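So the structure is just underneath, and the comments pick up after that.
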């Protein structure tokens, strides 16, 4: 738990056309960065390139807004077609105020605008949606990278898909994990004792979110670094995915 | 924005008695870890050792609970004296349910139990409170470290005081910044353009929180590493402090 951690930006990844095999792309980008995968490496990949590779893109001109989307748009002075897409990606509206829609996505994430983003491609009126199943996306990238890196079946790495979210009470956005493959997202220290024999009470740490946040620090927003390599974090191997980060309704006071 | 980041745990820091000069202590710990401060380094220090050094400790046996604290304690099956201390540290109760008190502290932070923690010292019934002014704490540690490291007045480092908090909607806790000295906590990319000429719309990144979260990854909970050094993050020097992380009431939908 106390070795040095390195976070390395993977440069040179260009625009991602639909159908891109991200495992291959990331593997080649690592090579171009003079990096080879090592046992225990973690790759953090931004949602946006996953969504693009998977074709999770909507052309706004083809969207016909519902009546409710038009009402919401008029209130918030936003685009009705944009809001229509946000609504279609949600299963519940958590808050609707100040021109902001906080929704629960079909995955169970609670975030602004169902994670729908204006896409930065070609100046077209396009939106990117979250991946349909970010855990599966992470799993597929991980599997591909492990196969490309080694034939040895004990070779183990982890992959996190990250998105950039606002928070209640705090200014600024931070990266969070929306897809996880290969590592335990929440490490539970409860029941363990500290060096004074005192039982730790409330220390379940969302390490997947902390790893996503750490990776953002080398990604920047202008530089467009969509992948970071984290080396030196002794993660707990696990088959659990990002769903273990979703708080149970019964203990959530802010739904 | 795209150089490699290193996060180094500072080992060997023992128990912190009240009155400890943390600047000197951290400087000596860095030396013991064969590290010397470099221009642009960031030190992340956990709240707990700051609170202990500043004597922000309450002996539970000396606390006389109010009637309301007793009512709340009975409802939540918690200790009335403990709840009394939480109430005294708060200026507003945000939520009170499931045996959890989410409060707004006197600093303006919204977190569980006003940041009051059971202390892990000597098995005594003691609580640690948040530092009275974590920004000042960060500033004092930074000033001391800069003086100890160099006489050169252009030598610049940054210090973050971190605490470990739960979040709405997500399982697990993550580290957040409660005190900041020397760096801009929220980096605003709005109005800038990405490589496709597309104006970035909602990208103000809470880098101080991401740095705090990143540092937690080398701190562990059992190992007791209360300080981490982050090297290679090109922070924006600033006189702003952690108050810039507090969301304005008028845009907050979850108060």
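The values are calculated or read from the model by the stated rules, or taken from the named source; none is laboratory data. Here the structure is a predicted model, which is why all the values come from computation and not from measurement. Positions of Cβ are generated from backbone atoms using ideal geometry, with glycine treated the same way; all protein chains shown enter the neighbour counts.
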Please indicate, with yes or no, whether at least one residue in the stretch A:119-130 is at pLDDT 95 or above and surrounded by fewer than 16 Cβ atoms within 10 Å (Cβ to Cβ).
-> no
Within the stretch A:24-55, the residues that are more than 13 Å from residue A:134 (Cα to Cα), part of a helix (DSSP H, G or I) and out of contact with any strand residue (DSSP E or B) (no Cβ under 8 Å at 6 or more places or on another chain) are A:24, A:25, A:27, A:28, A:31, A:32
Residues of the stretch B:206-255 being within 8 Å of chain A (Cβ to nearest Cβ), surrounded by fewer than 24 Cβ atoms within 10 Å (Cβ to Cβ) and in a strand (DSSP E or B), in sequence order, are B:246
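Give the residue, chosen from A:81, A:34, A:47, that is within 13 Å of another protein chain (Cβ to nearest Cβ) and either crowded, with 21+ Cβ neighbours inside 10 Å or over 22 Å from the mean Cα position of the chain (by Cα) (or both). First the steps, then the outcome.
Numbers: A:81 fails: within 13 Å of another protein chain (Cβ to nearest Cβ); A:47 fails: within 13 Å of another protein chain (Cβ to nearest Cβ).
Sole residue among the options that is within 13 Å of another protein chain (Cβ to nearest Cβ) and either crowded, with 21+ Cβ neighbours inside 10 Å or over 22 Å from the mean Cα position of the chain (by Cα) (or both): A:34.
Given the residues A:196, A:235, which is the only one that is modelled with pLDDT of 95 or more and either more than 19 Å from residue B:230 (Cβ to Cβ) or out of contact with any strand residue (DSSP E or B) (no Cβ under 7 Å at 6 or more places or on another chain) (or both)? Working first, answer last.
On the way: A:196 fails: modelled with pLDDT of 95 or more.
Just one listed residue meets the conditions, A:235.
Let's see how each residue does on (1) farther than 30 Å from residue A:64 by Cβ; (2) in a loop (DSSP other than H, G, I, E, B):
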{"position": "A:86", "(1), (2)": "no, no"}
{"position": "A:93", "(1), (2)": "no, no"}
{"position": "A:131", "(1), (2)": "no, yes"}
{"position": "A:136", "(1), (2)": "no, no"}
{"position": "A:156", "(1), (2)": "yes, yes"}
{"position": "A:162", "(1), (2)": "yes, no"}
Please verify whether residue B:28 is modelled with pLDDT of 95 or more, buried (at least 19 other Cβ atoms within 10 Å of the Cβ) and either over 14 Å from residue B:225 (Cβ atoms) or within 13 Å of another protein chain (Cβ to nearest Cβ) (or both), treating the condition exactly as stated.
no
The condition of being within 14 Å of chain A (Cβ to nearest Cβ), surrounded by fewer than 23 Cβ atoms within 10 Å (Cβ to Cβ), over 13 Å from the mean Cα position of the chain (by Cα) and within 28 Å of residue B:35 (Cβ to Cβ) holds, among B:187, B:100, only for B:187
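Of the residues A:156, A:163, which single one is in contact with a strand residue (DSSP E or B) (Cβ under 7 Å, 6 or more places away or on another chain), surrounded by fewer than 23 Cβ atoms within 10 Å (Cβ to Cβ) and in contact (Cβ under 8 Å) with a residue 40 or more places away in the chain? Break it down stepwise before answering.
Numbers: A:163 fails: surrounded by fewer than 23 Cβ atoms within 10 Å (Cβ to Cβ).
Of the residues listed, the single one that is in contact with a strand residue (DSSP E or B) (Cβ under 7 Å, 6 or more places away or on another chain), surrounded by fewer than 23 Cβ atoms within 10 Å (Cβ to Cβ) and in contact (Cβ under 8 Å) with a residue 40 or more places away in the chain is A:156.
Scan the stretch A:128-179 for residues that are within 14 Å of another protein chain (Cβ to nearest Cβ) and over 10 Å from the mean Cα position of the chain (by Cα) and jot them down. If you could, list the steps in order and put the result at the bottom.
Initial filter on the stretch A:128-179 (within 14 Å of another protein chain (Cβ to nearest Cβ)): A:128, A:158, A:160, A:162-178.
Within the stretch A:128-179, A:128, A:158, A:166, A:167, A:168, A:169, A:170, A:171, A:172, A:173, A:174 qualify.
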